[in-house]
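What follows is a short report on a single structure.
Each reported figure results from applying straightforward, stated rules to the coordinates on display, with no laboratory input. On a predicted model such as this, the values are computed, not experimentally measured, just so you know. Note that we place each Cβ from the backbone using ideal geometry, even for glycine, and neighbour counts take in every protein chain shown.
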Ligand SMILES: [Zn+2]
């Protein structure tokens, strides 16, 4: 899990604790992509455009410079099948995905792009993308069912 250590310290430690806690409950989570440099984000974006076209790419992959992955506070989480390379658009339906959604706030993370908040976040539902905000904020957002934009009072 080398990628963890490229995240800012606090978020990286929280992620390790989250994964360890999950593991004790027989939920095996894997980090898919944490920190991405500008160059690799650009590459991801370009490849996605090639595959699905610009409109759809914009809905899923932030333009280089705009991705949360560049902040080092975001992580895409997956399960064993995902870690082995299977595309996990249905991760939210898996045992691991359901567990993640229910427990991630305990460690200071939020589900960044929930299904019912697409119009507020501007992103399609991503059942795998979590973002570190600290335990206090994460708990409040979880209890009140707020996304980051709502929590920060932007929308
Ligand atoms: Zn992501």
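Quick look at the numbers
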item: Semi-axes of the equivalent ellipsoid for region 73-148, Cα gyration tensor, largest first, Å; result: 20, 14, 10
item: Computed E for residue 50/residue 149 - FRET, C-beta separation, R0 30 angstrom, nearest 0.05; result: 0.50
